[in-house]
Amino acid sequence: MTHPILLGSEVAGAVLDHALTLGADFAELFVERRRRSQVSLLSSQIESISGGLDFGIGVRLCYGHKVLYGYTNSSDREELLRIVTLLAAKDRRDPLVTRTAFDFTALTDRHPVREPLARDRMLEAKIAYLQTMDRIARAESPLISQFSGDALGWEQEVAIFNSEGLEVRDRRHYNRLMARAIAMKDGEQSVGYEAPGALMGWEHSALIDPQQLAQTAARQALIKLGAAPCPSGTLPVIMDNGFGGVIFHEACGHLLETTSVAKKASVFHDKMGQLIANPAVSAIDEGLSPNAWGSINIDDEGMATQNTQLIQDGVLTGFLVDRMGALKTGYARTGSGRRESYKFAPTSRMRNTYIQAGPHSLDDMLATVDYGIYAKKMGGGSVQPGTGEFNFNVQEAYLIEKGKVTRPLKSATLIGTGPQVLKEISMVGNNLALAAGMCGSVSGSVPTTVGQPALKVDNILVGGNG
């Protein structure tokens with residue numbers, strides 16, 4: 001792939017040399033140009049068409065385990081030198097290392113794109129797509145009181161230079177389609193929401209049928225109107241595939257990032273090689289799935305992406321490790337250093353994170369439950385860092401009676417801890433599916449994929465609503 005020059009290697013080398021003369025052990029420049037476009041529909045009208053271009057350079061200096069970070073919107077050599085001098089003001093010392101000459105790394109793009117935002121002539125197509133969804137959703141029922149849709153895309157061009165000789169460039173393309181339906185009856189309101197995304201250009205829309213997307217959002221909203229109250233107590237729960245993986249992501253995945261492991265703020269920090277889950281559970285974090293929302297060619301420290309086995313047959317086998325995490329813990333880097341933009345220093349973050357498929361069908365699992373909850377679609381929630389204690393809403397829930405799904409329920413709440421849930425998973429389905437999400441942490445918000453097959457959790461606390 002070819003890329004425009006975001007910053008010349010001569011200027012980059014001079015800035016990194018200056019950092020090392022001030023005693024830094026390591027110095028890095030993260031150069032980014034981002035183009036963004038969004039078309040939004042509300043109340044059957046195009047509400048807004050927006051876009052923009054942003055450019056900046058992040059400067060990172062490391063003195064031992066201490067990280068100093070600053071950024072600028074200028075590529076001027078003198079401005080970059082000034083930032084380095086300011087960052088190093090309190091830590092400067094005699095030079096310890098010298099810079100390695102740049103060795104440019106040409107990437108093989110694992111995630112090709114056909115209709116990039118830079119050649120965006122798809123405005124009419126995006127408007128038509130959103131209008132089709134609006135028409136379909138409202139046709140589902142007169143109870144659909146509102147529909148909103150978005151077509152969001154951005155391109156991120158990056159160049160990364162560091163004092164160890166790295167020079168690498170990459171371009172990432174993202175596309176996301178959002179559908180939100182609101183249903184209302186007798187003063188009761190409910191919401192349905194779907195938002196598939198991919199590391200692709202607008203060609204992603206050809207893979208997502210607007211009729212199906214709109215109908216799914218509308219159906220979710222309608223199904224909860226007049227639904228039965230959800231029972232409460234400790235019950236077996238079957239969590240369906242796809243976005244059900246948000247619980248593993250939030251309540252377990254973050255505990256496996258060296259951002260928390262290095263500080264011993266994770267309950268798993270000293271559990272490597274130990275059984276932390278039911279042996280039915282294996283989990284992975286990877287950036288290799290073609291065009292998946294959370295995939296990357298390289299991380300934001302310039303390391304090639306890879307598969308990282310986190311849990312194998314219930315045993316903890318891996319952490320997610322960035323450069324600083326490797327220095328602090330001794331574990332090898334995993335290509336997991338990520339950041340929202342040039343305004344953030346990178347930290348260990350998830351990519352595509354999911355529990356891997358098992359041998360069971362959904363019917364197999366349902367047949368084992370006499371009375372419980374079928375969580376078809378998870379919603380949002382909150383998690384306590386360090387312990388993995390969570391409280392998650394079920395966006396679409398049903399009652400299970402004598403092995404059969406019987407009636408829809410008003411939104412349930414699942415309460416527990418990540419470590420506890422891992423041990424309560426007794427059956428893993430064969431219907432692995434992935435779903436797009438945005439993950440926030442200390443290095444900002446980044447695209448991540450959550451996922452899982454259907455899972456049977458033998459016991460979990462369910463908070464009902466009547």
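The values are calculated or read from the model by the stated rules, or taken from the named source; none is laboratory data. Note that this is a predicted model, so its numbers are computed, not measured. Glycine also receives a Cβ, built like all others from the backbone with ideal geometry; neighbour counts cover every protein chain displayed. The area values use the complete protein model at the heavy-atom level, side chains included, leaving out ligands, DNA and RNA. Shrake-Rupley method; radii C 1.70, N 1.55, O 1.52, S 1.80 Å.
Measuring spread by the Cα atoms of the stretch 427-466 yields a radius of gyration and Dmax of 14.8, 40 Å. In this structure the amide hydrogen of S74, modeled in the peptide plane, comes within under 5 Å of the amide hydrogens of I57, none closer than 5 places in sequence on its chain.
Here the stretch 233-463 has 52 percent of its accessible surface on carbon and sulfur atoms, given a 1.4 Å probe and all protein chains in place. Rolling a 1.4 Å probe over the protein heavy atoms gives the chain an accessible area of 40 Å² per residue. How high is the FRET efficiency from V97 to K404, r the C-beta distance, R0 41 Å, rounded to 0.05? Plugging the Cβ-Cβ distance into 1/(1 + (r/R0)^6) gives 0.05. Rounded to the nearest whole Hz, the Karplus-based 3J(HN,Hα) values (6.51 cos²θ - 1.76 cosθ + 1.60, θ = phi - 60°) of the stretch 41-50 follow the sequence 10, 8, 6, 6, 10, 5, 7, 7, 10, 9, with x at glycine and proline.
3J(HN,Hα) couplings calculated from phi for the stretch 30-39 with the Karplus curve 6.51 cos²θ - 1.76 cosθ + 1.60 (θ = phi - 60°) are, in sequence order, 10, 9, 9, 10, 10, 10, 9, 9, 8, 10 Hz; Gly and Pro show x.
3J(HN,Hα) couplings calculated from phi for the stretch 150-163 with the Karplus curve 6.51 cos²θ - 1.76 cosθ + 1.60 (θ = phi - 60°) are, in sequence order, 9, 10, 10, x, 8, 10, 10, 9, 10, 9, 10, 10, 9, 6 Hz; Gly and Pro show x.
Estimated purely from DSSP H runs of n ≥ 4, each contributing -39500 (n - 2.57), the mean residue ellipticity at 222 nm for the chain is -5000 deg cm²/dmol once divided by its residues.
Residues whose amide H comes within less than 5 Å of that of S341, counting only those at least five positions distant or on another chain, are absent (H built at 1.01 Å from N in the peptide plane). Under a 5 Å amide H cut-off, with hydrogens placed 1.01 Å from N, Q356 pairs with S282, A283, I284 among residues at least 5 apart or on other chains. Of the trypsin sites (Lys or Arg not before Pro) found in the stretch 346-380, none is in coil by DSSP with at most 16 other Cβ atoms within 10 Å of its Cβ. Placing unit charges on each Cβ (+1 for Lys and Arg, -1 for Asp and Glu) gives the chain a dipole about its Cα centre, and among S9, H269, L320 the Cα reaching farthest toward its positive end belongs to H269. Between D25 and T329, full extension at 0.36 nm per residue minus the direct alpha carbon distance yields a gain of 107.7 nm. Spin-label point model (7 Å from Cα, Cβ direction): what's the I49 to T105 distance in nm? Between I49 and T105, the simple spin-label model gives 4.0 nm. For the stretch 187-263, the normalised intensity computed at q = 0.12, 0.16 Å⁻¹ comes to -0.62, -0.94 (log10 of I(q)/I(0), Debye sum over alpha carbons, equal scatterers, no solvent). Within the stretch 233-463, the ratio Rg/Rh, alpha carbon atoms throughout and Rh by Kirkwood, equals 0.97.
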